[in-house]
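*Asks:* This is the structure I have questions about; it appears just below.
FYI, it's all coordinate maths here, none of it is from the lab. Since we're looking at a predicted model, the values are computed, not measured. Cβ coordinates were reconstructed from backbone atoms using ideal geometry, including for glycine residues, and neighbour counts include every protein chain displayed.
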Amino acid sequence: MQIPYQNKEIETMQRPALEELQLKRLREIVNFSIRTPFYKKRFAKVGINSGDDIKSLKDLKKIPFTTKDDLRQNFPRGLLAVDMDDVIRIHTSSGTTGIPTVIYYSRQDLDNWTDLLARSIIATGATKSDIFQNMMTYGLFTGGLGLHYGAEKVGMTVIPASGGNTKRQLLLMRDFGTTVVHVTPSYLLHIHSVLPESNLTVSDLSLRKAYIGAEPHSENVRLKLEDLWKIDAYNSYGLSEMNGPGVAFECIYKTGLHIWEDGYFVEIIDPETGEEVPQGQQGEVVFTNLIRAATPLLRYRTRDLAFLIPGTCECGRTHRRLSRIMGRTDDMMIINGVNVFPSQIEEVIMKIHEVGTNYLIQVEKDGAIDKLIVKVEIYSKMFLGDARQLDGLKGRIKDDLRASIVINPIVELHEPGFLPISEGKAKRVLDLRPKF
Ligand code: ADP
Ligand code: ZN
């Protein structure tokens, strides 16, 4: 099979050469970041005066981690490494977990970022002949403009649809023959449920690929989307602190996300101890920008949990693969003392055929006891059947959940349209327990 590459030399570079390139860039980025008051102080504490003090990639470990709180405390310019005149764009994070953080981009930063996105798109087998509809929100959120520039660089026809307005999204898809979309998985599930109202079926459209990202999702959601839409869905990962999307992306083999290691140095650590975990073990993902001038971040703790997939990919790329994100360290719910990630619940319910495209996890306090309520939308035709059938389904969902998360949940079944809809990052958990 012909494997599509954008930059074969870099993408298939042998590991020793790739690591040499990383080391060279790491030294440069240390020299750059020392210009910021924040890193100047940090480096002084650990005796780093310039990039020359980094003798090998292992020396990176001398540098303390950077956290989201560091970004917040140094808002707005404590981490800016260039003159404001050289900044040509500002983005912020979505603020899923608090006050957003700001990232500055120089012209070179935007070019580098665009390049990695073009590389990602080409890795999925898309070409300039594709019609690309970008359903991520345009604005300060990086998902809109990021992929937009990457797709233009590939030469695709770009429809900057932005998020929301589902019926219009479908009309755009029909009228312009959209072949590739970039979207959150939760929204792509929702759009499918609107097809009947728009008098459309999947076969009226030309969709072939979806880039799904910006929120955690399970393998069963990918499979469901591929089945509902008859497409290939590729996992797309990024965060504004590392430019935005295009940090790691799946290739045509869809067996984990290649991290573009010439741009990002990755470590997987134990979130408790900060120590690197053994290869292949799950932990918190930590990134260091290797090529960013305006806001270089070193050893940034993402709070995302994943692992590095051992072995090499059939595509011949040497850049290692990240597993899907299992959750965020701050996503974890503790229910009656048991740790549960929303993704574990999703994995179970999305495997069940009768379950539709939306769900919500609610946690409440009942006296001293935590109550987990899983609200699931199921296809309307199920409500036409008899009540026993519904009870049976409810029991099955409950049993499967209990087997997976070791908690006895309350399961509620609802008709499509009952639960709140998300047009961007979905809010799947409603924790109503009092906070002390
Ligand atoms: P915020 O942290 O406010 O959501 P961003 O908009 O930068 O800010 O979003 C980045 C975060 O979104 C990542 O750290 C990760 O938690 C999540 N994310 C992005 N892509 C994916 C993906 N493919 N799978 C799971 N989670 C993802
Ligand atoms: Zn690959």
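*Asks:* Taking every eigenvalue of the Cα gyration tensor of the range 37-174, multiplying by 5 and rooting it, what semi-axes result, largest first, whole Å?
*Replies:* 36, 19, 13
*Asks:* Using r as the Cβ-Cβ distance of N7 and L223, and R0 as 30 Å, what FRET efficiency do you calculate, to the nearest 0.05? Please report the intermediate quantities before stating the final value.
*Replies:* Values: r = 31 Å, r/R0 = 1.03.
For N7 and L223, the calculated efficiency is 0.45.
*Asks:* Rounded if a/c is under 1.5, else prolate if a/b beats b/c, else oblate: with a ≥ b ≥ c from the C-alpha gyration tensor eigenvalues square-rooted, which is the range 357-436?
*Replies:* Note, shape of the range 357-436 comes out oblate.
*Asks:* Can I ask one more? Which aspartates and glutamates, on any chain, are close to K128 with Cα under 14 Å apart, when same-chain ones fewer than 8 places away are left out?
*Replies:* K128 reaches E152.
*Asks:* For the range 36-110 and the range 373-436, compute the distance between their C-alpha centroids and round to whole Å.
*Replies:* 42
*Asks:* With the Cα gyration tensor of the range 109-149 in hand, give its eigenvalues times 5 under a square root as the equivalent ellipsoid semi-axes, listed largest first in whole angstrom.
*Replies:* 18, 14, 7
*Asks:* Continuing with this model, one more query. When we measure straight from the Cα of K209, which aspartates and glutamates land under 14 angstrom away, once same-chain ones fewer than 8 places off are left out?
*Replies:* Leaving aside aspartates and glutamates fewer than 8 places away in the same chain, those within reach of K209 are D130, E226, D227, D232, E250.
*Asks:* Show me the helices of the chain, taken as full DSSP H stretches, that run 20 Å or more along their long axis by Cα and average -1.0 or above in Kyte-Doolittle hydropathy.
*Replies:* 15-33, 107-123, 387-405
*Asks:* Could you state the orientation-averaged shadow area of the convex hull built on the Cα atoms of the chain, in nm² to one decimal?
*Replies:* In nm², the orientation-averaged hull projection of the chain is 22.3.
*Asks:* Could you tell me which chymotrypsin sites (Phe, Trp or Tyr not before Pro) in the range 331-425 are loop residues by DSSP with no more than 15 other beta carbons within 10 angstrom of their beta carbon?
*Replies:* Filter output for the range 331-425: Y379, F418.
*Asks:* Do the alpha carbons of any pairs in K58/K153; K62/K425; K58/K425; K24/K62; K68/K153 sit beyond 26 Å of each other, and which pairs?
*Replies:* From K58/K153; K62/K425; K58/K425; K24/K62; K68/K153, over 26 Å: K58/K153; K62/K425; K58/K425; K68/K153.
*Asks:* What lysines sit close enough to K365 to cross-link, taking a C-alpha to C-alpha distance under 21 Å and skipping anything fewer than 8 places away on the same chain?
*Replies:* K375, K398, K427, K435
*Asks:* Please state, as a whole number in µm²/s, the translational diffusion coefficient that the Stokes-Einstein equation yields for the range 132-272 at 10 °C and 1.306 mPa s, with Rh defined as the Kirkwood radius across alpha carbon pairs.
*Replies:* 101
*Asks:* Can you pull out the trypsin sites (Lys or Arg not before Pro) in the range 105-201 that DSSP calls coil and that have at most 15 other Cβ atoms within 10 Å?
*Replies:* Sparse-neighbourhood loop trypsin sites (Lys or Arg not before Pro): K128.
*Asks:* Here's something else I'd like to know. Which one of N7, G125, L207 has its Cα pushed farthest toward the positive end of the charge dipole of the chain, where Lys and Arg give +1 and Asp and Glu give -1 at the Cβ?
*Replies:* Final value for the positive-end residue is N7.
*Asks:* What spacing in nm lies between the two simple spin-label points modelled at K254 and H414, each 7 Å away from Cα in the Cβ direction?
*Replies:* For K254 paired with H414, the spin-label model returns 2.9 nm.
*Asks:* Please work out how much length the chain gains when fully extended from R168 to R35, using 0.36 nm per residue of separation minus the C-alpha to C-alpha distance, in nm with one decimal.
*Replies:* Full extension from R168 to R35 adds 43.2 nm.
*Asks:* Next up: To the nearest 0.05, how large is the calculated FRET efficiency for D85 and S404 if R₀ is 56 Å and r is the Cβ-Cβ distance?
*Replies:* 0.55
*Asks:* Also, quick follow-up: Say each of I352 and M382 gets a label point 7 Å from the Cα, pointing the same way as Cα to Cβ; how far apart are those two points in nm?
*Replies:* Distance between the two pseudo-spin positions: 0.6 nm.
*Asks:* How much length would be gained if the chain were fully extended between T201 and Q281, taking 0.36 nm per residue of separation minus their Cα-Cα distance, in nm to one decimal?
*Replies:* Extra length available between T201 and Q281 comes to 24.6 nm.
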